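Each value in this text was obtained by applying a stated rule to the coordinates, not by laboratory testing. Computed from a predicted model, the values in this text were never measured in an experiment. Counting neighbours? That spans all protein chains shown, and the Cβs are built from the backbone with ideal geometry, glycine included.
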Amino acid sequence: MSVWGIASVGKSALVKSLFCEQILTDCRTGRPLFENYGWVDISNPFNLTDFAQRLLLNFDSESLHAEEIIGHHDMGSTNPIIECQSILKNKKCLVVIDDLQSTKEWDLIQAHLVSRSRDNCIIVIATHESVARHCRGDKEALVYNVKSLESDSSFQLFRKKVSAKHSNHSSLLAENAADTEELVSMCGGLPEVIVEIASSLGSKSVSQMDYVRSLSNNFMHDLESNREFDSLQGLFSWIRTYFRICPDDLKPCIFYLSIFPRGFIIRRRRLVRRWIAEGYSRDNHEQSAEHNGEKQFSDLLDLSIIQQPPTTLGDIRMVSCQVNGFIREYIVSRRMEENLVFELGGNCSLTTQRSGRHLVILENWLRDIIVFESIDFSRLRSLTVFGKWESFFISQSMKLLRVLDLENALHIEHEDLEKMVKWLCRLKFLSLRGHREIHHLPWSMDHLRQLQTLDVKDTSIVTLPESITKLEKLQYIRAGTTKKSASTHPSPQKKKRTPLVSSSWFYRCGDLIGSEVPRGIGKLTVLHTLGVVNIAASGEKALVKELKRLTQLRKLGVSGINGSNSVKFFKAIEGHVHLESLSVHLDKNSEGSLRLDGIKVLSESLRSLKLYGLNENLPVWIGELKRLAKVDLEIVTSMDKDSMNLLSELPKLCILRVKQQQGAPIDAEVAEKKEQLPELNFRVIDNDREVESFKEVKVLEIACSLNTSDVTFGSKTMKKLEVLKVDCCGESLQYNISGLKNLKGLKEVSFVNGTISEMLEQQLNEQLQNHKNKVKLVVKLEEPSRSA
């Protein structure tokens, strides 16, 4: 088995804990699994004879490490390599090889020792994934990536270490809660850093609050230069080495992360599309720029440079991320060396050097036009604005600007949009997401001939201008909004930007207003993401014909599907063999029969399917989409047995979201029968026996706008389910949930956007109290995400 991760992430401590636990368990039972145990820290430079000698000393010693006696142990004339070979060949051994640096080191160990051994257990600890995977060879060996701690665990470790040094740690942490949390977040979930800072804080006799603030303000400088933190020099050595040998395509992606403020939640798609616009992710002979950008994102995730934010509930493909706090502080302390990112924040003065490729305007900057006009924009490639927008932020001298990201700016004027389109002809990325004050785009968009990404989702734009059909390099168009957000435009006098829409999936899935697109959209043949498009409002016949030409689409979202256009629409996308994600909003007020059965099965590559507004059972062709990993359903009826069976048999289904919408009133006589009441029964029966179902589902989200809903889990359903999220839809609804004890992999049950009764909470706690995973029950009002 190979265990890998960045320095100080706790690889050795994790293995050591399991290593010692295994030894103690064996000794207590009297039936040891292994005859010999050995732990060897690799020396630098590596020497095979020295390695073998250290291993022999471990085999002979009762302690875990025998390094301290290596110089005093007389090996005689015995060749340590041959002696190790003999032990590994004739005895069953557990060997841990710590801090393996290169594949050449492993090749030597493998050739002379491992390949000649019997069925031993070898655990390799490395800081590089390539080394860890090389050790596996062609065998089905495990490769385990150790990632940094999540925020709750980080603070728990910090509190534990402070309490060991400080008697009144509880009052200390309570008094400085906000400052302390910020300091812990800077540690990036790295246990070694957390322990060192907690120990330092706990031993201080000076004001704890002053020390916390001082360390936060000079975090990276103090950790690198203060002798008190000398134990962290190994970490800094690893980071410096990593950045020195970091692949050329990945290094700028890492420094680019410092554009976003500390603790900011970043949407994955936003980040990847920006990388593509900057040229950090490019097409090559094997893969598209999109694919390479996703690969870079995964690489940074594996290295714990980016992390899953604590608010996300188990997304299989991470929708959003946060930058590791420690790595971000390191990047910020070096980014001017790379002459990449510079920011305007607080009280910037004219004497401060302001030049570089990426400008960030922070929310707390005083908006000083004198300072702004003193900046040299000749090399500027991106502009990102947080907080209040000012018209002078756009300059004619920004001739090389490629990325204009205004998603987190406030109150943009239409006149400013006109200037952007006229002056910034090299733009490749333009985001106005979330700006409800914007009702239309400039009609002269054809100046932006280099534009690749246009994101106007959740604005008040319901019609895209005809001129976008001339932007032949457009790959990504996101538009559309919800009726909820469209009907709540803030008045021009209000300066504070109110949340656009609840981050709840319940509200995201329904009542969506797609955008009308112009004729000629079919000319944009490189489009791979398009949505949400209102089919009914865009001229059904013409648009359906245009969609047929967009054969490179990977992701498509449409609304306005009704009885007169549904068959034509699905027929138009029959040949879209690359389509991976399809979102369809059905018109609930459609005249005529709206049926989805009878159409040809969609692309076999489809991995995500969203059907909103169903007023009948699921179409049978869903069962033939064997690669589906995510399904979102909004259905105006109860899920019948056949529909549930279709879903249960999807072999790769990981995320399932089901919303039961209020439909026609239930007949009084029918309502008396329990089996006719609204329910979600995930217990699948075949020939009067329950069968295994939903085998790969890890995330289940349910929502119900009915007065009550029964939710049942059988004894053989969803064995891998980790997260159950129940949306109360802003009401105090009554759910009857049974069978939670059957969900063996369950880790968390969350109720959001409403309240639950004391009776239900008691019922749930009774089901969860004896669960082997110590499942968390969370009841909260969901807050809109900062990146929504």
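Please give me the summed charge of the neighbours of S715: other residues whose Cβ is under 13 Å from its Cβ, Lys and Arg +1, Asp and Glu -1. Neighbourhood net charge equals +4.
What FRET efficiency comes out for the pair D686/E766, r = Cβ-Cβ distance, R0 = 35 Å, nearest 0.05? All intermediate terms of the calculation are to be shown ahead of the outcome.
Values: r = 30 Å, r/R0 = 0.86.
After rounding, the FRET efficiency stands at 0.70.
A full extension of the chain between L400 and K160 corresponds to an added length of 81.3 nm, given 0.36 nm per residue minus the alpha carbon distance. Take the Cβ atoms of H440 and S216, set R0 to 35 Å, and the FRET efficiency comes out at 0.20. The packing ranking of peptides 473-480, 457-464, highest mean first, is 473-480, 457-464, where packing means the average number of other beta carbon atoms within 10 angstrom of each residue. Simple spin-label estimate for S86 and S460 gives 8.7 nm between the two label positions (7 Å along the Cα-to-Cβ direction from each Cα). Here the extension length gained between C121 and C20 equals 34.9 nm, from 0.36 nm per residue of separation less the Cα-Cα distance. Between A13 and V319, the modelled labels are 3.3 nm apart [label points 7 Å from Cα along Cα→Cβ]. Of all lysines in the structure, those lying under 30 Å Cα to Cα from K388, and not within fewer than 8 positions of it along the same chain, are K399, K419, K422, K428, K457, K483, K484, K494, K495, K496. Near I461: Cβ cut-off under 10 Å, other residues only, Lys/Arg at +1 and Asp/Glu at -1. The net charge is 0. Label-to-label distance, R136 versus S199, with points set 7 angstrom from Cα along the beta-carbon direction: 3.5 nm.
With the highest mean first, a sort of the peptides 430-441, 376-387 on other beta-carbon atoms found within 10 angstrom per residue produces 430-441, 376-387. Let's test the formula: R0 of 41 Å, r as the Cβ-Cβ distance of V526 and M1. What FRET efficiency results, to the nearest 0.05? Taking R0 as 41 Å, the efficiency between V526 and M1 is 0.40.
Among the listed pairs K91/K719; K165/K747; K251/K695; K473/K610; K741/K780; K147/K780, which have their C-alpha atoms separated by more than 31 angstrom in this model? Working shown, then result.
Working: K91/K719 38 Å; K165/K747 33 Å; K251/K695 39 Å; K473/K610 28 Å; K741/K780 22 Å; K147/K780 27 Å.
Pairs exceeding 31 Å: K91/K719; K165/K747; K251/K695.
Can you tell me the order of 554-562, 238-246, 513-521 when each peptide is scored by its average per-residue count of other Cβ atoms within 10 angstrom, highest first?
Details: 554-562: 22.4, 238-246: 13.3, 513-521: 20.3.
Top of the packing list down: 554-562, 513-521, 238-246.
Taking 0.36 nm per residue of separation and subtracting the current Cα-Cα distance, fully stretching the chain between E472 and D640 would add 55.9 nm.
Less than 18 Å from a label point 7 Å out along the Cα-to-Cβ axis of R449: which backbone N atoms in segment 417-434 qualify, by residue? Residues 421-429 fall inside that zone.
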